[in-house]
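As structure tokens, the structure follows; a few thoughts come after it.
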Amino acid sequence: MSNNQTPEKATNLHIGKAEPGCKKVDPILVIDNVKKSFGGLTAVEVAHLEIPNGAITALIGPNGAGKTTLFNLLTGFDTPDTGTWSFAGKDLAGVPSFKVAQMGQVRTFQLTKALSLLTVLENMKLGAKNQTGEKLINALIPSLWRKQDKALELRAMELLKKFKLDAKKDDFAASLSGGQRKLLEMARALMTDPTLVMLDEPMAGVNPALTQSLLEHVLNLKNEGMTVLFVEHDMHMVRHIADWVVVMAEGKVVAEGPPDTVMKEQAVIDAYLGAHQDTDLGVVTGRIDIITEEETK
Amino acid sequence: MTRVVDVSNLVAGYLPGVNILNGTNLYADKGELIGIIGPNGAGKSTLLKSIFGLVKVREGSIKLNGEEIAGLKPNQLVSKGVGFIPQNNNVFPSLTIEENLQMGIYQDPSKYNERLEFVTSIFAELGKRLKQRAGSLSGGERQMVAMGRALMMDPAVLLLDEPSAGLSPVRQDEAFIRVSDINKAGVTCIMVEQNARRCLQISDRAYVLDQGKDAVTGTGRELLNDPQVIGLYLGTLGT
């Protein structure tokens, strides 16, 4: 049906049965008893969750399931009521967000946070860490950081080219459209040379043809040895690139497993996917009679 | 067939000197469901807003049942039969469902009962929960209230701005089925959507906007399989 090659998936990620909270062969993130309430509403209540290293994991679930809140807790943007979690063996509870990013766990936001009065290129260069010019004394002596600055600029341009933003490098970030800001944010996150990239609805509002070329870049991150954890409502994207899928509902992890298995679970279909996932809505609504094999191609 | 909406050579924009729409053409015949898709910033929402008088029309014409309506105010347009459902903030959260529906027909309250019957014949669920506050509803349910409210004035055409935005897959499908149900009840609909594939599946005809112009048009089915549309916009993922 499709002329897209399904990329090679990482397998054998878990130990034992694929069920909520199952152990992974090589976990990069381990979460234990993390709970967060807002007033009377329990937004997140995760007993145990492990995210596999070197793979692409998708976090899916209905609106209000607690996906973004979990992201906020794991990256230090919010503090949980209880719980511990570790990243690459280091305990992260209580570590502020900027340190989490320096440790190699970097995230993007559903509602983008580009610095609108800096240019696209400046936004990118800001993402890089360990810059010599960050220290006050060094900043006064350009010869100390000029070379590094040039190298960063090259790297930034390389990334911008991948994200089709290179022509916009001297424009203010404020002038970008919503979709382009999403791309800038993702590119900027990669400037930090992360080990774990967390993307919150990276493709929402990005047009479908561009999404497809970006998926290749996400897959490349995996090939370069990075781990990716992302939240997304676009199930075609999830099915195409995810090695592992975690399903959340009402703050809890309700299912886990490889995409093809998880998306066939009745509970996931009922709560989230709906019965018409693979059906043409023209047929469902009776607007067209039946689709022939020819037409689906 | 009666032409309900006829937009020709429309030029419109927000900032002085910057046009978002650069000569857009679009029409809708009675009973049609029209889809509008296109990349970010192509002018999809701007087109709907200009038809509804929220964006000033600089050039071109908009006709409703043959009568020129460009330049009219939204309240005048509502009484002439244009219904609009914005993407966000489309219900009054502190009012009940019943009050929200009443707001939809404040210009002609005597028809309330008759119209309520029509709306609840499409959305039976609204009729059962008239006393519930709209603010306590989920995103998908709010969308239904907004649709119900817009239908109260018996519009000749209903304009929908991204009815599936921000909803999870199952709720998105429900939203599209709802739009299709409204259309089947005889209401002409013009819908802007990001979820292009779903939109084209239920549309009678559709337009692909690009940089403020109608780049490609055809039946929903034609566009779904059009190599140019696939290359420019749809991509091949999910086929």
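Bear in mind these aren't lab numbers, they're just calculated from the coordinates by the rules spelled out. Keep in mind that this is a model prediction, so the values were computed, not measured. Backbone-built Cβ (ideal geometry, glycine too); neighbour counts: all protein chains shown.
Tell me which lysines have Cα within less than 17 Å of B:Lys44's Cα, excluding those fewer than 8 residues away on the same chain?
B:Lys56, B:Lys213
Identify the chymotrypsin sites (Phe, Trp or Tyr not before Pro) of the range A:91-161 meeting these criteria: DSSP loop state and at most 12 other C-beta atoms within 10 Å of the C-beta.
Those that pass, being in a loop and sparsely packed, number zero.
Can you pull a Stokes-Einstein diffusion coefficient for the range B:1-72 at 20 °C (1.002 mPa s), Rh from Kirkwood over Cα pairs, as a whole number of µm²/s?
Calculated translational D: 172 µm²/s.
How many nm is it between the label spots at A:Leu118 and A:Asn12, if each spot is 7 Å from the Cα in line with the beta carbon?
4.4 nm
Grab the DSSP H runs of chain A that are 4 residues or longer, score each as -39,500 (n - 2.57), total them, divide by all residues and round the 222 nm result to the nearest 500 deg cm²/dmol.
-9000 deg cm²/dmol
Quick one: longest stretch of chain A between exposed loop GluC sites (Glu not before Pro), exposed meaning at most 13 other C-beta atoms within 10 Å and loop per DSSP?
Maximal segment without exposed cleavage sites: A:9-223.
Using the charge dipole of the range A:115-175 (Lys, Arg: +1 at Cβ; Asp, Glu: -1 at Cβ; taken about the Cα centre), state which of A:Ala151, A:Gly127, A:Asn138 has its Cα farthest towards the positive end.
So the residue furthest toward the plus end is A:Ala151.
Please provide three numbers in whole Å: the alpha-carbon extents of the range B:3-234 along the principal axes, with the largest listed first.
47, 37, 31
Among the trypsin sites (Lys or Arg not before Pro) within the range B:106-150, which fall in a DSSP loop and have no more than 12 other Cβ atoms within 10 Å of their own Cβ?
B:Lys131
Order of A:Thr132, B:Thr96 from fewest to most other C-beta atoms within 10 Å?
Ranked by crowding around the Cβ, least crowded first: A:Thr132, B:Thr96.
Under 20 Å from the Cα of B:Lys30, which aspartates and glutamates turn up, not counting those fewer than eight places away in the same chain?
Reachable aspartates and glutamates: B:Asp6, B:Glu67, B:Glu68, B:Asp154, B:Asp161, B:Asp181, B:Asp204.
Given the range A:202-297 reduced to its alpha-carbon atoms as identical point scatterers, what log10 I(q)/I(0) does the Debye formula return at q = 0.13, 0.18, 0.25 Å⁻¹?
Ignoring solvent entirely, the Cα scatterers give -0.60, -1.02, -1.30.
Can you compute the helix-only [θ] at 222 nm over chain B? Use -39500 (n - 2.57) per DSSP H run of at least 4 residues, normalise by all residues, nearest 500 deg cm²/dmol.
Result for chain B, helices only: -9000 deg cm²/dmol.
Pull up all non-local amide H partners of B:Thr96: gap of 5 or more, or a different chain, and H-to-H distance under 5 Å with H placed in the peptide plane.
Residues meeting the amide H criterion: B:Ala134.
State which stretch of chain B is the longest one without any exposed chymotrypsin sites (Phe, Trp or Tyr not before Pro), exposure meaning a DSSP loop state and at most 12 other Cβ atoms within 10 Å.
The reported range is B:107-239.
Share of Cα-Cα pairs in the protein assembly as shown beyond 45 Å, in percent?
Within the protein assembly as shown, distances greater than 45 Å cover 19 percent of Cα pairs.
Counting residues in the range A:1-131 as N, plug N into 2.2 N^0.38 Å and put the Cα Rg over that result.
That ratio works out to 1.23.
Expressed as a whole percent, how much of the Cα-Cα distance distribution for chain A exceeds 33 Å?
29 percent
Quick one: of the DSSP bridges fully inside the protein assembly as shown, what percent are antiparallel, nearest 5?
60 percent
Run through the DSSP bridge list for the range B:3-234 and note the antiparallel percent, rounded to the nearest 5.
So the antiparallel bridges in the range B:3-234 amount to around 55 percent.
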